[in-house]
1. Can you tell me the Rg and the Dmax, both Å, for the Cα atoms in segment 103-217?
2. Amide H neighbours of LEU220 under 5 Å, counting only residues 5+ apart in sequence or on other chains, H built in-plane at 1.01 Å?
3. Name the chymotrypsin sites (Phe, Trp or Tyr not before Pro) in segment 149-251 that are in a loop by DSSP and that have at most 14 other C-beta atoms within 10 Å, would you?
4. Jot down the per residue volume, in cubic angstrom and as a whole number, of the convex hull over the alpha-carbon atoms of the chain.
5. ³J(HN,Hα) across segment 190-206 via Karplus (A = 6.51, B = -1.76, C = 1.60, θ = phi - 60°), whole Hz, x for Gly/Pro?
6. What helices does the chain have that are whole DSSP H segments, at least 30 Å long along their own axis by Cα, and with mean Kyte-Doolittle hydropathy of -1.0 or more?
7. How much length is gained on full extension from GLU126 to GLU81, taking 0.36 nm per residue of separation minus their Cα-Cα distance?
8. How much length would be gained if the chain were fully extended between LEU206 and ARG91, taking 0.36 nm per residue of separation minus their Cα-Cα distance, in nm to one decimal?
Amino acid sequence: MTHLNTPISLAATGTIIPRHVAIIMDGNGRWAEARGLPRFAGHTAGVEAVRRTVRAAIELGIQYLTIYSFSTENWTRPEPEVRFLMGLMRRFIRSDLAELHKNGVRIRLLGERDRVDADLLSLMDEAVELTRGNTALTLIIAFNYGGRGEIANAARHLASEVCAGRLTLDAITPDALNAALDTRDWPDPDLLIRTSGEQRLSNFLLWQLAYAEFLFLDVLWPDFDKGQLERALTEFRTRDRRFGGVARSTA
């Protein structure tokens, strides 16, 4: 049986495709500033890049795609920008949900629900429920998400189980913590892509990226397209994923 975190092989072509790709979509503001446009224009262009990337992921055979759309730290941005980003999520769901559903995309959400307006939560829940049975691609939207917060929540859950006598301290293992995370229902990412040339995780999937391959691209997110994703997958195929072992050539 294939392990959840084993990249799939397309036997007809011999091509190795990562099962799960995670993307930190960075550079919307710089894209807009370079064109003399307001930051809002960069965020709008970034949504177009999301659409292109989702279509490309389906065509390329990727099974899970996680996009970092709004972090728990993004609340510190100017209030008009935060309000615009919330509105952008509303518009994305309203305008794209039918097409995503038609194309077999299953939508899942990752992140905290507090501070998010009730009407937006309702829209997101509707998208999750409508697409629950789809199988072409699982699109995980990390919205109001922070990796440290997720780990802390999992640790708090395990601690409560110990206090209630339902769990012993010895039973708190990496597998137990992994099962308490919000991402327990899908495999860890095989490949992390961050655009805009920045080389940091920014509190994104800190636990789940333990053995992912990292790829930092100079392209700004609004310019990301299928060609960029294909180049990322080509680079992924050159990596020797040892998971703590020795290189295959010396095994």
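Just so you know, all these numbers are worked out from the coordinates, no wet-lab data involved. What you are looking at is a predicted structure, and each value in this text was computed from that prediction instead of being measured. All Cβ positions, glycine included, derive from the backbone under ideal geometry; neighbour counts span all protein chains shown.
1. For segment 103-217, the Cα-based Rg and Dmax read 16.2, 48 Å.
2. Hits under the 5 Å cutoff: SER196.
3. Hits after loop and neighbour filter: TYR211, PHE243.
4. 157
5. Once θ is set to phi - 60°, the couplings for segment 190-206 become 8, 9, 10, 10, 10, 8, 5, x, 6, 10, 8, 8, 6, 6, 10, 6, 4 Hz.
6. Long hydrophobic helices here: 39-60, 79-102.
7. 13.7 nm is the gain from fully extending GLU126 to GLU81.
8. In short, 38.5 nm is gained.
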